[in-house]
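Engineer: I'd like to ask some things about the structure below.
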Amino acid sequence: MNVHSADATTVEEGLAIQERQAVLDSETATAVAMQDTLLTPRFYTTDFEELDAINVSPVRADWDHLIAEMRADPNKGHFKKDDTWDHVDWDAMEPELKKEFIDFLISSCTAEFSGCVLYKEMKRRGKNHDVTELFQLMARDEARHAGFINDALREAGIAVNLGFLTQAKKYTYFRPKFIYYATYLSEKIGYARYITIFRHLEANPDKRFHPIFKWFEEWCNDEFRHGEAFALLMKTDPKLTSGVNVWWIKFFLTAVFATMHVRDHQRPAFHAALGVDTDWYGHEVFRKTSDLSKQIFPITLDIDHPRWAKGLRVLQRASIQIDEGKRKGGIGGKLTEWAGAARAALAFAALYTIPAKRHEVPVSTRLEPLY
Ligand SMILES: [Fe+2]
Ligand SMILES: [Fe+2]
C-alpha cells in the first residue's frame, strides 16, 4: 500500500493517507481554513445532475486527447519531498514572513482541497462516464496538491485537518454555469500564479526561501490541464459564453482578479522575501490569465485602463478599513466596517463598469502551457 499521497492513484487513497497523518494537525491551521469570508477559499456544491447531463461529443477529439494525457499521470510520485528538498529553518525565519507564509500555505491548501472536494463529489454522484472520469482524475491531482502543502506545513509543526474540513466547512451552492466560470478561472489563474513565481525564482534562486517553490512547474501543469477541461466543458454549449452570460463572465473575471489583488497585498513580507513587487506580480498574472482565457471567453478585462489600477487601490484600502473595524469592535468598529464595505462595493462597481475588450474566440480551445 502507498504511504504517501503523491503515489496515490485515486482520490480515496490520497485522502486516506492524509487522514492517517491527521493526528499531527493543529487546531489553529484548521480554524484558519474554516474561515468563510469574501476573500478566503470556499467549498462549493452544485446541481450535480445538470452537470452530469453534459454531452462532450462536440469536443470529442480534444476531450479524448486531454483525458489520455491525464490518465497517463505524468505527475505520479512528484508531490513528495526528495533530496532536493532543502532544510527549512522555521525558527530562524523572520516572524512576519513566517506568519504570512504560513497563511499563504494554509490558504493554498484550502483552495486545493476545495477543488478536491467538489470534483470528488461530482465523480461520486455522476453516471456519465466522460464526466466522472474527468472529475476522478482532477480530484486525484488536487488531493496530492493539498497533501503536499500539508507536508510542508507539518515541518512548521502545523497542518490542516482535511477530514474535519470536509465535514465541518460551510458549502456554498453555485449553479453549474457559475462553477464553470469560477473554477475555470481559478485553475487558470492558479497556473499563472505558480508559473510566474517559478520563472521568477528560476532567474533569482537566492530568493527561494522555501523548497516548495521548486515543485511549482509540474504543479502548474496539472492546473493548466484542469483549466483545459473546463474550457472544453464550456465549449459544449455556446450559450454559456454568449448573450447575458458574457456579463457573468465579466463579473467573475473582475471578482477573481480583485480578490487576488487584495489577498496578495495582505502579505507584503512574503512578496518582499520573494523579491517580487506585488503590483507587478498581480499585473503579470492578470495578463497571462487574460491571454489564456481568450481560448473560451469572448471578452478580457482592460487591465491597462487607468481606472483599473486606481480601482484596485481603493478596494485594497477599503479592505484595510474593514479589518480595522473588525479589530476595533463595538458600535464604532461596526460603523468603520460598514463604511469600508460600502467603499469596497463602490470600488468593485467602478472596476466592473470599465469597458471590456472583445475578440473572436478560436474554433478550437486547445492550448499548451507555454509560459
Ligand atoms: Fe491543484
Ligand atoms: Fe486544479
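Readers should treat all values here as calculations from the given coordinates under stated rules, not as data from a laboratory. Remember, predicted model here, so these are calculated numbers, not experimental data. Cβ placement follows ideal geometry from the backbone for every residue including glycine, while neighbour counts extend to all protein chains displayed.
Engineer: Within the stretch 179-223, find all residues whose amide N lies under 13 Å from a label point positioned 7 Å from the Cα of Glu69 along Cα-to-beta-carbon.
Structural biologist: Answer for the stretch 179-223: 220-223.
Engineer: Under the rule a/c < 1.5 gives rounded, and otherwise a/b versus b/c splits prolate from oblate, where does the stretch 237-360 land using the Cα gyration tensor?
Structural biologist: oblate
Engineer: Moving to a separate point now. Provide Met70, Met34, Met122 in ascending order of the number of other Cβ atoms located within 10 Å of each residue's Cβ, fewest first.
Structural biologist: Result, fewest neighbours first: Met34, Met70, Met122.
Engineer: Can you work out the PRE-style zone for Asp302? Point 7 Å along Cα to Cβ, and I want the residues of the stretch 327-371 with backbone N under 19 Å.
Structural biologist: Only 347-360 fall inside the zone, counting backbone N under 19 Å.
Engineer: Once fully extended, how much extra length lies between Leu370 and Thr40, figured as 0.36 nm per residue of separation less the alpha-carbon to alpha-carbon distance?
Structural biologist: Fully extending the segment from Leu370 to Thr40 adds 115.9 nm.
Engineer: With only Lys, Arg, Asp and Glu charged, each at its Cβ (+1 for the first two, -1 for the last two), find how big the charge dipole of the chain is about the Cα centre; round to the nearest 20 debye.
Structural biologist: 1460
Engineer: Something else: If R0 is 41 Å, what FRET efficiency do you get for Glu360 and Arg317 from their C-beta distance, rounded to 0.05?
Structural biologist: Given R0 = 41 Å and the Cβ-Cβ separation, E is 0.60.
Engineer: If you don't mind, there's one more thing I want to ask. Label points 7 Å out from Cα along the Cβ direction at Arg124 and Arg199: separation in nm?
Structural biologist: Inter-label distance under the simple model: 3.9 nm.
Engineer: In addition: Is the stretch 119-202 rounded, prolate or oblate when judged by the Cα gyration tensor, a ≥ b ≥ c being the square roots of its eigenvalues, rounded requiring a/c under 1.5 and prolate requiring a/b larger than b/c?
Structural biologist: In terms of gyration-tensor shape, oblate.
Engineer: Another question, then. Along the charge dipole of the chain, Cβ charges K/R +1 and D/E -1, which of Leu51, Asn150, Met93 sits furthest on the positive end?
Structural biologist: Of the options given, the answer is Leu51.
Engineer: Now a separate question. Near Lys328, which lysines are there with a Cα under 30 Å away, not counting those fewer than 8 places off in the same chain?
Structural biologist: Lys98, Lys99, Lys169, Lys170, Lys310
Engineer: For the chain, just say rounded, prolate or oblate: build the C-alpha gyration tensor, square-root its eigenvalues into a ≥ b ≥ c, call rounded for a/c under 1.5, and beyond that prolate if a/b exceeds b/c, oblate if not.
Structural biologist: rounded
Engineer: Quick one: how many lysine pairs in the stretch 180-290 have C-alpha atoms under 27 angstrom apart, if they're 8 or more apart or on different chains?
Structural biologist: The number of close lysine pairs in the stretch 180-290 is 13.
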